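The values are calculated or read from the model by the stated rules, or taken from the named source; none is laboratory data. In this text, all values refer to a predicted model and were calculated from it rather than measured experimentally. Positions of Cβ are generated from backbone atoms using ideal geometry, with glycine treated the same way; all protein chains shown enter the neighbour counts.
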Amino acid sequence: MLPMRLADGVYKVDGVRAANVYLVATDDGLLLVDTGMPGNAKLIVAFIESVGRRAADLRYIVLTHCDIDHIGSVAALKELTGAKVAIHELDGPILAGEQRPQKGGLAMAAFHRLLRPRTVAPDLLLKNGDTIGGLQVIHVPGHTAGSIVLRREDGVVFSGDALLSDKHGQVRWPAPRLALDRVQALASAERIKALPMKLLCPGHGAPVYM
């Protein structure tokens, strides 16, 4: 099967468990958006090779937020590729293992202990307005404190869990029960929906052409 090319230089990585993972060609190599659950690293490297690139071409792994289904394979991928890991400064301490997940209480903490995601010290701590790999960082708190959206100049938007879609490509709001702050999460979703965009690449659900 041919790789799923969504737009110029943008691919959805096939076969990843849980959250969507996207590969983006940049001026100086490749950038990965999120990593899925633990156990996806070799599959992602194989996908990189399937589009004619090498693991060493991966320059950045950008995490839209700190939930385990998005950060689960980042440690292994960093080892396999040498890529720099970037996350918003408010979610960085959770990725590094310096702070427990802020939402979900004891249940979320138990889930993390069960799956044992490896911690990683971020190489880059992002803020609203930063640019990485040609993508603009937009801070959209609510789902987590440090949730971000990445927007390319041509209107491709990677929204993590801050704005989602269903399997048919219909945009849907994030579930309030999964948010750290429900009011913030809904306000952030409204902000994302108002962005000039031609393609929404959500953390869950099908890509949406606007």
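Brief remarks follow.
- Pick from the range 60-77, criterion touching a helix residue (DSSP H, G or I) at 6+ places or on another chain (Cβ under 9 Å) and not hydrophobic (A, V, I, L, M, F, W, C), ranking: farthest from Leu23 (Cα to Cα): Asp67
- Qualifying residue in the range 141-152 (condition: more than 16 Å from Cys66 (Cα to Cα) and either buried (at least 20 other Cβ atoms within 10 Å of the Cβ) or at pLDDT 95 or above (or both)): yes
- If only residues of the range 36-68 that are of a type in the set (D, E, K, R) and surrounded by fewer than 24 Cβ atoms within 10 Å (Cβ to Cβ) are counted, the one that is nearest to Ile132 (Cα to Cα) is Arg59.
- Of the residues making up the range 45-78, those that are of a type in the set (Asp, Glu) and under 10 Å from the mean Cα position of the chain (by Cα) number 2.
- Boolean, Asp28 is modelled with pLDDT under 95, acidic (Asp, Glu) and more than 17 Å from Ser147 (Cβ to Cβ): yes
- Considering the range 157-171, and only residues there that are of a type in the set (S, T, N, Q) and surrounded by fewer than 24 Cβ atoms within 10 Å (Cβ to Cβ), the residue that is nearest to Gly9 (Cα to Cα) turns out to be Ser165.
- Of the residues making up the range 174-200, those that are closer than 18 Å to Gly146 by Cα and in a loop (DSSP other than H, G, I, E, B) are Pro174, Ala175, Ala179, Leu180, Asp181.
- The single condition from (1) of a type outside the set (Gly, Ala, Ser); (2) modelled with pLDDT of 95 or more; (3) part of a loop (DSSP other than H, G, I, E, B); (4) more than 22 Å from Asn40 (Cα to Cα) that Leu125 fails is (3).
- Which listed residue is surrounded by 21 or more Cβ atoms within 10 Å (Cβ to Cβ), touching a Phe, Trp or Tyr at 6+ places or on another chain (Cβ under 7 Å), over 26 Å from Thr26 (Cβ atoms) and not polar (S, T, N, Q), from Ala189, Ala179: Ala189
- Residue tally, condition under 19 Å from Leu80 (Cβ atoms) and of a type in the set (Lys, Arg), over the range 5-32: 1
- Residue check, Leu77 over 20 Å from Lys127 (Cα atoms), touching a strand residue (DSSP E or B) at 6+ places or on another chain (Cβ under 9 Å) and not charged (D, E, K, R): yes
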